[in-house]
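Report on the structure given below.
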Amino acid sequence: MSEVTGAAGALSARLRQRGLLLVASGGAMYATAGLFTRALPFDAWTILAWRSSFAALFMVALVTLESRRFSLVDYRLDGARLLMVPITALGTICYIFALKLTTVADVMIVYATTPFVTVAVAWLWSREVPSLRTGIASAVALVGVGVMIGGADASGGRLLGAFLTFVMNITFALAIVLARRTPQVSMTPVNALGVAMAGVVGFAFAPGEAVGGGSLVLMAAFGVFTIGFALAFFMAGARLLPSGEVALLGISDTVLGPVLVWLVFGENPGSAAILGGTIVAAALIWHLSPELRRLLRHQ
């Protein structure tokens, strides 16, 4: 009996390690979005068009591999899909423009408040009442964002970039709430359609600037790694870990992203952004601390 228990424990430990590796890898890939944006000397519409196109093609390939056949039925637009596709497209558009308008740190700080924005949207949509702890953490995170915005240079587009990131947060929250209400709807085809729609919009407004072979490779890597692989790794790992641990690992890219851009391009977000980001991160960690304590007790 003890041997069976030991084998089960070893298997559980291996699955947890695999989950940690997958989620952390997905977060690290997503964190490179700032690097790609800074490395590509093109306008936002052009980057949006090519990045979204490559990402959509990759996700279509994933859906085809998972179902072992390609079928247009998987991409049928009905019910919740009619809402989720344009919502995903809007979030994708806002993300690229935010990265072009403001610092990566600003984008990641506002992006880190997505869990709290999701709680607010769920309350407005279906009257899901948040806990007191969530309410306090949300208020503290809002203070952190306020500190960051208060130190931003409005003339440089940083306020607009922060606003677009907040709009992106709302689209993510709406997609999460819709996904909960319609669990039978597969998210990968919906995401593929939404990202493809963003790509079509990008090509419609792009100035038609020539993109060389090397830049196309970077565009492809931008789409495949920061959307395709990042999402696939994150979702695969999330199935193997408790939600609290997934949430904590999921915010690691909010720290890694600005650090990478600072190391490679010397982008300094400023003291206000650093202080505001610290406040937001502290609010998130405090909010997740009960779940983390439970995890440590069971290790």
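Of note:
- Count of the stretch 54-73 residues which are hydroxyl-bearing (Ser, Thr, Tyr) and closer than 11 Å to Gly228 by Cα: 0
- Test result for Phe225, within 16 Å of the chain's Cα centre (by Cα) and modelled with pLDDT of 80 or more: yes
- Residue ID - nearest to the chain's Cα centre (by Cα), chosen from residues in the stretch 93-132 that are among the charged types (D, E, K, R) and closer than 29 Å to Ala204 by Cβ: Asp106
- Residue match in the stretch 38-45 (condition: within 22 Å of Phe172 (Cα to Cα) and not hydroxyl-bearing (Ser, Thr, Tyr)): yes
- Subset of the stretch 212-239 [of a type in the set (Ser, Thr, Tyr) and over 17 Å from Thr88 (Cα atoms)]: Ser215
- Some residue of the stretch 56-74 being over 19 Å from the mean Cα position of the chain (by Cα) and among the basic types (Lys, Arg): yes
- Pairs where the first residue, in the stretch 191-211, is over 16 Å from Leu90 (Cβ atoms) and outside any helix (DSSP H, G or I) and the second is at pLDDT 90 or above and aliphatic (A, V, I, L, M), C-beta under 6 Å, 6+ apart: Ala206/Ala49
- For the stretch 126-178, a residue qualifies if it is in contact with an Asp or Glu (Cβ under 8 Å, 6 or more places away or on another chain) and modelled with pLDDT of 80 or more, and the qualifying residues are Arg158, Gly161, Ala162, Thr165.
- The listed residues are Ala55, Ala139, and the only one of them that is buried (at least 18 other Cβ atoms within 10 Å of the Cβ), in a helix (DSSP H, G or I) and out of contact with any Pro (no Cβ under 6 Å at 6 or more places or on another chain) turns out to be Ala55.
The values are calculated or read from the model by the stated rules, or taken from the named source; none is laboratory data. What you see is a predicted model, and the numbers here were worked out from it, not measured in a lab. So basically every Cβ, Gly included, is an ideal-geometry build from the backbone, and we count neighbours across all protein chains shown.
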